[in-house]
Structures are given as structure tokens and as C-alpha cells.
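Written out below as C-alpha cells is the structure these notes cover.
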Amino acid sequence: MEAANVPARTKLLQAHGLILLRRMLLIREFDARAGELLASGEIMGEIHQYIGQEAVAVGVLAGAGAEALVGSTHRGHGHLLARGCAPRPMMAELYGKASGYCKGKGGSMHITSLEHGMLGANAILGASAAIAVGAAFAEKTTQSSRVAVAFFGDGAANQGVLHESMNLAAVWKLPVLFVCENNQYAISLRADHGLSVRDVSSRAAAYGFDGRSVDGMDVLTVYEATCEALRRMRTSSLPFLLEAKTYRYHGHFSAEAAILKHPYRPEDEESVWQRRDPIARLRGELLAHGFVPQEELDALHGDVRAEVEDAVVFARQSPPPSADEAFTDVYATEVAGLPDGVR
Amino acid sequence: MPRIRFAQALHDALAEEMRRDASVIVLGEDVRCGLMGITTGLVDEFGPERVLDTPISEAGFTALAIGAAIRGLRPVVEYQISALPYVAMDQLVNQAAKLRYMTGGQIRIPMVVRVTMSGAAGGLGAQHSDHNYPMLAHMGLKTIMPSSPADAKGLLKSAVRDDDPVIVYEDAKCLSVRGEVPEGDYATPLGRAEVVRNGGAVTIVAIGHMVHEALRASELLDREGIAAEIVDARCVLPLDTHTVLASVARTGRLVVADDSNSFCGFAAEVAARVAGEGFGLLRAPIIRCARPTVPVPFSPPLESAILPSAAGVVRAARQPMEAHMPAGKGADGCT
Ligand SMILES: Cc1ncc(C[n+]2csc(CCOP(=O)(O)OP(=O)(O)O)c2C)c(N)n1
Ligand SMILES: [Mg+2]
């Protein structure tokens, strides 16, 4: 931080530090636990852990406000928790239980809670960001002041639909905050091997709106940048493209190490990023300023762990959906004449 | 004959074709490291100019492959999941499938699209579990789906050598199957089904991993005194109806085991062809063992409730055995 900003940062820290820390811790603990459960075979499929990137979801969604409509990604647990979605139905969704946010039909990559303005996680890169543009459009037609936040990765940044959507959002002056989470890799592809530019934010210029790249390992920076972006969006009536430079600590998906023969990331790279860990940094600052005593931080961590464990117990005890649930929710109205087949 | 894994057979086919023909290139997401081990190591032998990691731009790199194919290269495109043809649909259907025809035959597009990890690997949810192998064939693209390592190698080689676009579906549930693979260079011609088990009571036409489900089912059916004949279709288009009809001529009954959506699907095509061209051979209605047309749910008990399995094939095969229909012309009807 530059010297002139220090007081502002201190104020922010004092006002919001603890709640931001709590949300980041919740994401980390939730995904760490989910990773263990997957590894032990208790939950099925795959999860994409958000660990390392917590400052992005938490900073952006705190800055965007509780009214914002959010398009999430395949790596969506962080967005949901940052938004205030509850660990219990999230964990139940990972277990495929009827008490999950999507009745167990969605799974990790599709957790959605419209009630929270969460338009959905999505397994197709770029898709949810593009759909968020439509949500912003709908808001605009009703003269509402709600904005949409469209998350996507450095890999998804090269998906055609995103480019079309950014152009559309600009031409129709839609209130969309595009947020690129540049975690340096798209599976094994280094961001700079896939991107034509160093900073994804510089692409905003091609669509006629503003963009900015910030340190995605610092939640206060991300929070401030989001607030500033929203101010800019209000005055310009245009979208904004925020890029947060960050890092995922774990494999692309949790079973990656078991599958890949050769690591694609340099050995010491993670430890370099770990030194800028967003949780350690915020905790350190809170302590250094004496805003929160050590015991309270320890208690907070304990609370968060207990909340995650409670979610696991809830999920374990929830009943599975009944088999006929496989055939409900397909259409909003009945459709006749579909063959069922013998299975 | 050496026994190798299906994924290894695909790898060997690619490596051998790249060695044989310098115009063969491989491109797609993460192909240099190769998530399933299929393209792993190719970059070491053939270099980064022929093994290209693409940005996540399926429409763009599919179009690039079409353009390169028109100009004489033989691109092998990889889609790492079966959802990716949707993203590149215009390139596949409007461009790759039609340009030759529309240009009065001026253009050749010797390109391969490998759709790997296709189908429901388990617990990946609706957007990563489709098994859409009938989809592009419906629009006229040559489409193949081997079930054994030997066919994986032989059919992929034929696909690479073919002068038309060929879509190769690599069934997620076959990737770890082991089997014997002939030594030396060989190519398995497209459009020939194979009888993989003889039996006189009912013909089960299967494709992809359903061949293995049908083989498991046939052992259970044996105990009930039902001798199943299993035909591995191997290709969706070209479709070998001759082999299928010849089998139905022997059995008089047909089940199609097709792990894709039943509505307008592969089984529907096989059933229509047999009903149309071999009606007199049939002694019972044709039964489809296929997915209901709903998205694949994540929840494990729901997922297993909709996916066809060996048990489903058994249930399907019992039905024509119980049905009463006036006997057809039998074997005389098929030449
Ligand atoms: C359209 C599309 N192409 C490819 C994939 C397969 N895939 C899933 S995640 C991923 C990498 C995504 O990278 P990025 O957008 O940077 O997000 P990150 O995983 O790093 O959070 C790929 C290629 C997909 N899901 N959707
Ligand atoms: Mg990334």
C-alpha cells in the first residue's frame, strides 16, 4: 500500500477485517474438509477447491453488496460461501442429498441458490459469466439498481462467448462487473501460454470500458477495487473488468496429483504465493493493529471449524433423494411421449 | 499379442500415425501433459509444433483444424470432455460436415475429432456426463466408438487416414479396459460391426462400454437359458446393418444397448433399420436399453437409477423372450 492509503486501509481493516477474515476462513476450511471427504471416498465425483483464492470471492462480493447477482464458475464454493450461502445445504449437495441446494441433482459444479442471488456455479467455462449479463439486462429493464458479477478464470477468458458477452454488455450499457480470477493456470496451461495479453483487464479497452488488475491475494485491495469499479460503473453506465491475480494452492481438481505423471508447476511456485497468503496476511494485520486479540482469532477459527463439521454431520444424516427425483424438474410443464427405456 | 490398456492403445495409434505421416498434428486442451495419458509424451517425440496446447477456445481451434485440413494437414483435435462439441457445434455441423458438399467436392477435410472421457464417468453432474455420440452422426458426420483396445487402436488409425472428418468417441468407461492388441501396423475399417459373442436366442447390439455390460449380462442370461448373441456396432456412421440383420436372422429378437438418450437416438436408428429391412425376421418387439431423456443427475443413487447397466440389459433381454408374436419368416428373410 502506498503511504497515503494507509489510513484508509486501517479504517477498512477495523470496520470489516474480522468479518472478511471469517468468510475467508470458512471457505478454506470448507474446501479442505470437502477435499478430505472426496479423498476418503465419502463424497463422489470431483471438486475444484478454492483454497488460495479466498480474497477474490470475499473481497469482490463484500464490495458488490448483498444485492448483486452472481454468476459463478466450476470453482464455485468460494463464491457461494462469500455470498453467505449456508455450509449445510452446500455440503449436502456435495453428498448428493435431498437437503442440498439443488436436491443433490447438481453437485459441486452446479450449486445454485437463487434466493441468495447466486445464479449458479457452472461446469462450462464462460457460460455463467455470459448468463450473468442477461441477469443484468433483466435488472436494467426493471430500472433496478442491482448489478451482476460475472466470475471467470484466466482460461475461460479465451472462450468465445465471453468476448461476445463483453461486447454486448458494453453496447447495451449493462451493469456487469466482469471478474477474471487469474490463478495463473487453466489446468496445465500457464496463463501466459493461453493469453494474448499480460493483463486480462487490458482487454476491456477493446470493448470500450474500463479494466484494472489488482493483487488478488489481498482482500482489502480487492474490496476497495470492487467498490471503486462499481462507482465507475454508475457514472459511466458501462461494465467494468476487474482482474485479480491469484493462485490456487491445490491441483486443478482434487485427484489431479494421482492422475498426472509430471507436475506442470515449478516446485517452489506455490511456496512463493503462500508467502502472500490472504488469510495469514489479514490475520497478521488485525493482530498488529491490536484490533482483535489472539484469543479471539483462535476462537474464530474454532467456530468456523465447528460450522464446517456441523455441515458434514447434517449432510451425513440427510436422506438421499428418492429414485423418482431423477425424473422431476426436467420441464416446467409436463411433456408426454418421452421413451423411458429399460435400464 | 500384448495386453494393453485402451488409453495406451489410443496413444500408440496417435504416435504411430504421427511417425508415419508428418502432416498429422495433435491439438487441444492440456494435450502436452495428457490428463488421461492418451497424448502424454507425444510432445517429447514430435515437438511443440505438432503437439499443441490450445487456449480454452473450442470454436476457434476446431475452425483452425478445419482450415488446416483443407490446406493439407491432418489435425487430430481433442475435446477433453463430451460437453465440448456443443461449444464448437457450428464448426462441426455447418462447416466440417458440409463444406465438401457445398463446394462441389473441391474440399477435403481429413480431420479427426477425439471426444474423450465421454459419458458418465461417475459423479460429474449433468454438464459432464452426456454421451452424445449419436448427435453428430445425426448431422451426417462419420462417428465411431470402439469398445476394446484393439479396436481403439485400429479404428483411430483408420480415422486419421480417412479423408473426411471423423468423430471418435472415447468412452470414459472403456479407457481403463485392458485387452490384446495385434502387433505391427493395422487399421480397422470403419463401418464394420463385429459379433463378439455367439448365441441363438436374442441379438444384443451394443456400442462402447455397453458391449462390456452386455457381455456381463449374457452370463446372467445364460443361467436363465437365454443365449445372447452380442454385436459390437463399433461405428455409428457408417452403420453396419448387414451384420446386425444377419444376427437377427439367427435369433429373431433384438435388444439395443445404448448408453445415450433414447429419444431420437442410436438405438432408435438401429431399431428402425431392423424393423424396416428385417421386419419378417422379428419374433418379438425390439427393446431399447438406453438412458431416459433427462440430464444426468449428480446424486449417486439418482445417477445409477438412470444409466443403463448389465442388469438393465438382462431386464431388456427378457422382454422379447416373453413376448408372443407370430413367428416371422426366420432366417429365410435375410440374404
Ligand atoms: C468450455 C469448456 N472447455 C473446457 C472445459 C474443461 N475444463 C474445465 S476447467 C478447465 C480449466 C479452467 O481454467 P480457468 O478458467 O483458468 O479456471 P480455474 O480452473 O483455473 O479456476 C478446463 C479446460 C470446460 N469445462 N468448459
Ligand atoms: Mg485459472
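The values are calculated or read from the model by the stated rules, or taken from the named source; none is laboratory data. The shown structure was predicted, so the numbers you read here are calculated from the model rather than taken from an experiment. Neighbour counts run over all protein chains shown; Cβ positions are idealised from the backbone, glycine included. Note: accessible area is taken over every heavy atom of the protein model, side chains too, but ligands, DNA and RNA are not part of it. Shrake-Rupley method; radii C 1.70, N 1.55, O 1.52, S 1.80 Å.
Within the stretch A:314-334, residues that are more than 10 Å from chain B (Cβ to nearest Cβ) reach partners that are open to solvent by 60 Å² or more (accessible area, probe 1.4 Å) with beta carbons closer than 7 Å, at six or more positions or on different chains, in the pairs A:314/A:88. Just name the residue that is nearest to ligand 2 (Cβ to nearest atom) out of those in the stretch B:28-75 that are outside any loop (DSSP other than H, G, I, E, B) and over 20 Å from residue B:109 (Cα atoms). Result: B:53. For residue A:112, are the conditions met, namely being closer than 26 Å to residue B:83 by Cα, more than 10 Å from every other protein chain (Cβ to nearest Cβ) and within 11 Å of ligand 1 (Cβ to nearest atom)? No; evaluated as a whole, the condition is false for this residue.
So if I check each of B:284, B:249, B:227, B:271, which one is closer than 30 Å to residue B:128 by Cα and outside the structural domain of residue B:119 (by TED's automatic domain parsing)? One residue alone meets the criteria, B:271.
For residue A:193, indicate whether it is within 15 Å of ligand 2 (Cβ to nearest atom) and farther than 16 Å from residue A:70 by Cα. Outline the logic, then answer.
Values: within 15 Å of ligand 2 (Cβ to nearest atom): yes; farther than 16 Å from residue A:70 by Cα: yes.
Criteria met by residue A:193.
Residues that are of a type in the set (Asp, Glu), within 12 Å of chain A (Cβ to nearest Cβ) and surrounded by 24 or more Cβ atoms within 10 Å (Cβ to Cβ) do not occur anywhere in the stretch B:216-233. Of all positions in the stretch A:142-149, at least one carries a residue that is out of contact with any helix residue (DSSP H, G or I) (no Cβ under 9 Å at 6 or more places or on another chain) and more than 16 Å from ligand 1 (Cβ to nearest atom). Would you call residue A:154 open to solvent by 10 Å² or more (accessible area, probe 1.4 Å) and charged (D, E, K, R)? Criteria not met by residue A:154. With more than 25 Å from residue A:59 (Cβ to Cβ) and either within 14 Å of chain B (Cβ to nearest Cβ) or more than 16 Å from ligand 2 (Cβ to nearest atom) (or both) as the only criterion, which of A:106, A:120 stands out? Just one listed residue meets the conditions, A:106. Of the residues making up the stretch B:185-197, one or more are part of a loop (DSSP other than H, G, I, E, B), over 24 Å from residue B:272 (Cα atoms) and either of a type in the set (Asp, Glu) or assigned by TED's automatic domain parsing to the domain that holds residue B:287 (or both).
Residues that are in a helix (DSSP H, G or I) and open to solvent by 30 Å² or more (accessible area, probe 1.4 Å) within the stretch A:200-220 comprise A:202, A:203, A:205, A:206, A:207, listed in sequence order.
Kindly evaluate residue B:196 against the criterion of being modelled with pLDDT of 95 or more and either among the basic types (Lys, Arg) or open to solvent by 10 Å² or more (accessible area, probe 1.4 Å) (or both). So residue B:196 passes the test.
Of all residues in the stretch A:301-343, exactly one satisfies the criterion of being open to solvent by less than 60 Å² (accessible area, probe 1.4 Å) and basic (Lys, Arg), namely A:343.
Pairs meeting the criteria (first residue in the stretch A:190-212 and under 16 Å from residue A:246 (Cβ atoms) and of a type in the set (A, V, I, L, M), second residue more than 15 Å from ligand 2 (Cβ to nearest atom) and outside any loop (DSSP other than H, G, I, E, B), beta carbons under 8 Å, at least 6 apart or on different chains) are A:200/A:211; A:200/A:241. Among the numbered criteria (1) farther than 23 Å from residue A:260 by Cα; (2) open to solvent by 20 Å² or more (accessible area, probe 1.4 Å); (3) out of contact with any helix residue (DSSP H, G or I) (no Cβ under 6 Å at 6 or more places or on another chain); (4) within 13 Å of chain A (Cβ to nearest Cβ), which one does residue B:73 miss? Tallying (1) farther than 23 Å from residue A:260 by Cα; (2) open to solvent by 20 Å² or more (accessible area, probe 1.4 Å); (3) out of contact with any helix residue (DSSP H, G or I) (no Cβ under 6 Å at 6 or more places or on another chain); (4) within 13 Å of chain A (Cβ to nearest Cβ), residue B:73 fails exactly one: (4).
With the structure loaded, tell me whether residue A:112 is within 16 Å of ligand 2 (Cβ to nearest atom), among the hydroxyl-bearing types (Ser, Thr, Tyr) and in contact with a Gly (Cβ under 9 Å, 6 or more places away or on another chain) or whether it fails that test. Quick ask: steps written out before the conclusion?
Numbers: within 16 Å of ligand 2 (Cβ to nearest atom): no; among the hydroxyl-bearing types (Ser, Thr, Tyr): yes; in contact with a Gly (Cβ under 9 Å, 6 or more places away or on another chain): yes.
When the stated conditions are applied, residue A:112 does not pass them.
Inside the stretch B:198-237, residues that are closer than 19 Å to residue B:152 by Cβ and not β-branched (Val, Ile, Thr) make up a count of 13. Look at the stretch A:155-181: where a residue is of a type in the set (D, E, K, R) and a partner is within 13 Å of ligand 1 (Cβ to nearest atom) and in a helix (DSSP H, G or I), sitting 6+ places away or on another chain with Cβ atoms under 6 Å, you get A:181/A:56.
List the pairs whose first member sits in the stretch A:233-255 and is part of a loop (DSSP other than H, G, I, E, B) and open to solvent by 10 Å² or more (accessible area, probe 1.4 Å), whose second member is within 12 Å of ligand 1 (Cβ to nearest atom) and among the small types (Gly, Ala, Ser), and whose Cβ atoms are under 6 Å apart, counting only residues at least 6 apart or on separate chains? Here the result reads A:249/A:52, each pair linking the stretch A:233-255 to a residue that is within 12 Å of ligand 1 (Cβ to nearest atom) and among the small types (Gly, Ala, Ser). Residue check: residue A:225 meets all listed conditions (1) more than 30 Å from residue B:42 (Cβ to Cβ); (2) touching a helix residue (DSSP H, G or I) at 6+ places or on another chain (Cβ under 6 Å) but one, namely (2).
In the list A:181, A:164, which residue meets the criterion of being within 16 Å of ligand 1 (Cβ to nearest atom) and part of a strand (DSSP E or B)?
Details: A:164 fails: part of a strand (DSSP E or B).
On inspection, the qualifying residue turns out to be A:181.
Scanning the stretch B:254-292 for residues that are touching a helix residue (DSSP H, G or I) at 6+ places or on another chain (Cβ under 9 Å), more than 25 Å from residue B:171 (Cα to Cα) and away from every other protein chain (no Cβ under 14 Å) yields a count of 8.
Out of all the residues in the stretch A:264-273, is one or more in contact with a Gly (Cβ under 9 Å, 6 or more places away or on another chain), open to solvent by 50 Å² or more (accessible area, probe 1.4 Å) and under 24 Å from residue A:304 (Cβ atoms)? Lay out the reasoning, then the answer.
Step one: filter the stretch A:264-273 for residues in contact with a Gly (Cβ under 9 Å, 6 or more places away or on another chain), giving A:270, A:273.
From what's left, open to solvent by 50 Å² or more (accessible area, probe 1.4 Å): A:270.
Now narrow it down to the ones that are under 24 Å from residue A:304 (Cβ atoms): A:270.
Checked the stretch A:264-273: at least one residue is in contact with a Gly (Cβ under 9 Å, 6 or more places away or on another chain), open to solvent by 50 Å² or more (accessible area, probe 1.4 Å) and under 24 Å from residue A:304 (Cβ atoms).
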